[in-house]
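As structure tokens, the structure follows; a few thoughts come after it.
The values are calculated or read from the model by the stated rules, or taken from the named source; none is laboratory data. All values reported here derive from a predicted model rather than from experimental measurement. Cβ atoms come from the backbone with ideal geometry, glycine included; neighbour counts cover every protein chain shown. Ligands, DNA and RNA are excluded from the accessible area calculation, which covers all protein heavy atoms including side chains. Shrake-Rupley method; radii C 1.70, N 1.55, O 1.52, S 1.80 Å.
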Amino acid sequence: MSPPREGAERNDAAERDGTRPPSEEPRLPSEDPAGAAPLPARLSWVLAAWLPWQRWFAAKERIIGEVTVEQRVPLVDRLADGGPRGILLTLRVEFTDGGPTEFYQVPIGLRTELPPALEPGVIAALDGLVCYDALADREITALFLHGIAAGRTLGDLRLVAEPGAEPLPTSGTRTSRPLGVEQSNSSVVLDERYLLKFFRRLQPGVNQDLELPRALLEVGGAGHVPAILGSAQGTLDGRPVTYAVVQRYVANAADGWSMALGSVRDLLAGGQPPDQAGGDFASEARRLGRTVAEVHAGLARARGTRVLGREGIVAVVGEMRTRLAAARRAISTLDRHAASLDVIFTAVETSVEEVTIQRVHGDLHLGQVLRTPTDWLLVDFEGEPAASQDERLRMRSPLRDVAGMLRSFDYAAHHQFIEPGHPTVPDPAALRLADEWSRRSQVAFCEGYAERSGTDPRDQPLLLRALLADKAVYEAVYETRWRPRWASLPLAAIRRYAREIASGSPRAHDLL
């Protein structure tokens, strides 16, 4: 692509998005946060009202007591010539229940006039300025990319390039667009080449989405994850914390969830059995199973494995029971299935002698994988959004990731039946086709996993069944809290699991 002409085209671009032309560098503020301009009055109050409405805010069920600015890092100050003032805020959020404090980061922009492209991010008008979430503001987000390239330090924030990674540009970023997907982090695509990912909820320690791809690179197994190019590091409560990472943006890829939904739509529209349908997903599921097994093997080489004995297994099952008890308090309909689920939990306690554990992805589903023209990639290694940092760092059975993906096939198969406008009672023939699509995809995934790992996940039916049930219980609580219309999907699976458990132990390869 040729560079833009000087003059009219550059001025038109600046007028459209309200930012300076890319070739002009921003005037950076002092690197001393104490010298930064004061924050608008009442900002903490406004943020306390704004936070619960954000998709990435993890404590929607708790009542905020107070929001205070724990740290502030000035990024850019161009108010004098019509540009933004950019500030990265670390917020301490305290709750009325007296429970654990949480920390969040919000890149704030302040302008006297807001370009239309930035209006969706408006937080409030304060002290004659428009305050907005700066995720869509190229002038602010590009500073992270350029700062990493230059190795800058802004206050407590250290912008660091990954050793040996391809060099990042120090200037000239032309486009910036947020990714409009539901997730616990916030991502921006810069120049369609780089993905800047902000970890909204901050927890002390190196974020797994930085640590685990690094670990795979160390052992030569990074071929199934996007390349990490740099990061923004700081401290929180005296411990290191990861604010953001920059990855290579995979432009020519489709996410697994969209592909699976398209396959199911084609199947139901054609009315043919999945093995005769042009959109059958089994071959892709098999290929994905091989990829997941290879990533697990790389993580095992990089971070090791250990064997969990009976005492450890009992402790893990105890956590499953605790999650089920908490879920029953939130969802009363689970009461009728609790006894059946406990049967499989007890079977794991009494019959499984040992389990090999290692570091795993931790929240694997079809939305966390990308299909390139040649391969599958795994992304977003942060772990489950509700988990603490300590929980995310724990070694677990690789079957936990397998169970997450098998549950995701079930979600994709039946998602169309909960979409607006669909009949309340699904057509039985369509439901049978969806069930068969799910079963074929699950079986193919396990077969592909076995081809690379040497072990078929279905050869451990008790543990896999318990993990599937535990995952469905987690999903039921998550969906009830965040997406109530989706809650019927995991609840239907729990009913099915309960019936199958009550009817007797499944044979190994009849599990799915």
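Please enumerate the residues belonging to segment 126-142 that are farther than 20 Å from ARG193 by Cβ and either open to solvent by less than 40 Å² (accessible area, probe 1.4 Å) or touching a strand residue (DSSP E or B) at 6+ places or on another chain (Cβ under 7 Å) (or both). Give the derivation first.
Start the filter on segment 126-142 by keeping residues that are farther than 20 Å from ARG193 by Cβ, which leaves 126-134.
Residues satisfying the conditions are LEU126, LEU129, VAL130, CYS131, TYR132, ASP133, ALA134.
Within segment 195-218, can one find any residue that is over 14 Å from the mean Cα position of the chain (by Cα), open to solvent by 20 Å² or more (accessible area, probe 1.4 Å) and farther than 30 Å from ASP237 by Cβ?
no
For segment 179-194, which positions are of a type in the set (Gly, Ala, Ser) and either surrounded by fewer than 22 Cβ atoms within 10 Å (Cβ to Cβ) or more than 12 Å from the chain's Cα centre (by Cα) (or both)? Full working, then the answer.
Going through segment 179-194, the residues of a type in the set (Gly, Ala, Ser) turn out to be 180, 184, 186-187.
GLY180, SER184, SER187, listed by residue number.
Looking at segment 298-329 only, could you name the residues that are open to solvent by 70 Å² or more (accessible area, probe 1.4 Å) and closer than 18 Å to TRP482 by Cα?
ARG323, ARG328, ARG329, listed by residue number.
For ALA161, work out the one condition from (1) modelled with pLDDT under 95; (2) open to solvent by 20 Å² or more (accessible area, probe 1.4 Å) it doesn't fulfil.
(1)
On the given criteria, is ALA149 farther than 30 Å from SER44 by Cα, open to solvent by 30 Å² or more (accessible area, probe 1.4 Å) and touching a strand residue (DSSP E or B) at 6+ places or on another chain (Cβ under 9 Å)?
yes
Residues that are small (Gly, Ala, Ser), more than 20 Å from the chain's Cα centre (by Cα) and at positive phi: list the strands (runs of 3 or more DSSP E) wholly contained in segment 292-407 that include at least 1 such residues.
Details: elements: 305-308, 355-358, 369-371, 376-378.
So the answer is none; nothing clears 1.
Does ALA429 satisfy being touching a residue at least 40 places away in the same chain (Cβ under 8 Å), within 27 Å of LEU267 (Cα to Cα) and out of contact with any helix residue (DSSP H, G or I) (no Cβ under 7 Å at 6 or more places or on another chain)?
Working: touching a residue at least 40 places away in the same chain (Cβ under 8 Å): yes; within 27 Å of LEU267 (Cα to Cα): yes; out of contact with any helix residue (DSSP H, G or I) (no Cβ under 7 Å at 6 or more places or on another chain): yes.
So ALA429 passes the test.
Looking at (1) open to solvent by less than 40 Å² (accessible area, probe 1.4 Å); (2) in contact (Cβ under 8 Å) with a residue 60 or more places away in the chain; (3) touching an Asp or Glu at 6+ places or on another chain (Cβ under 7 Å), which is the only condition ARG286 fails?
(1)
Condition check ((1) assigned to a helix (DSSP H, G or I); (2) among the basic types (Lys, Arg); (3) more than 21 Å from GLN71 (Cβ to Cβ); (4) open to solvent by 30 Å² or more (accessible area, probe 1.4 Å)) across all residues:
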residue: PHE144; (1), (2), (3), (4): yes, no, no, no
residue: GLU166; (1), (2), (3), (4): no, no, yes, yes
residue: ARG174; (1), (2), (3), (4): no, yes, yes, yes
residue: ARG177; (1), (2), (3), (4): no, yes, yes, yes
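Please indicate, with yes or no, whether at least one residue in segment 393-407 is at pLDDT below 95 and touching a Gly at 6+ places or on another chain (Cβ under 8 Å). Lay out the reasoning, then the answer.
Applying the first criterion (at pLDDT below 95) to segment 393-407 yields 393-394.
Retained after the next criterion (residues that are touching a Gly at 6+ places or on another chain (Cβ under 8 Å)): 393.
Taking every residue of segment 393-407 in turn, at least one turns out to be at pLDDT below 95 and touching a Gly at 6+ places or on another chain (Cβ under 8 Å).
Please state which one of ALA260, ALA232, ALA244 is modelled with pLDDT of 95 or more, open to solvent by less than 30 Å² (accessible area, probe 1.4 Å) and in the same structural domain as THR291 (by TED's automatic domain parsing). Please lay out each step first, then the result.
Numbers: ALA232 fails: in the same structural domain as THR291 (by TED's automatic domain parsing); ALA244 fails: in the same structural domain as THR291 (by TED's automatic domain parsing).
Checking each option against the conditions leaves just ALA260.
Could you list all residues from segment 52-71 that are over 16 Å from ARG481 (Cα atoms) and open to solvent by less than 60 Å² (accessible area, probe 1.4 Å)?
We begin by selecting, within segment 52-71, every residue over 16 Å from ARG481 (Cα atoms); these are 64-71.
ILE64, GLY65, VAL67, THR68, VAL69, GLN71, listed by residue number.
How about segment 247-257: which of its residues are open to solvent by less than 50 Å² (accessible area, probe 1.4 Å) and of a type in the set (S, T, N, Q)?
Across segment 247-257, the qualifying residue is only GLN247.
Go through (1) touching a residue at least 60 places away in the same chain (Cβ under 8 Å); (2) within 19 Å of THR153 (Cβ to Cβ) and name the single condition LEU210 misses.
Evaluating LEU210 over (1) touching a residue at least 60 places away in the same chain (Cβ under 8 Å); (2) within 19 Å of THR153 (Cβ to Cβ) leaves (1) as the failure.
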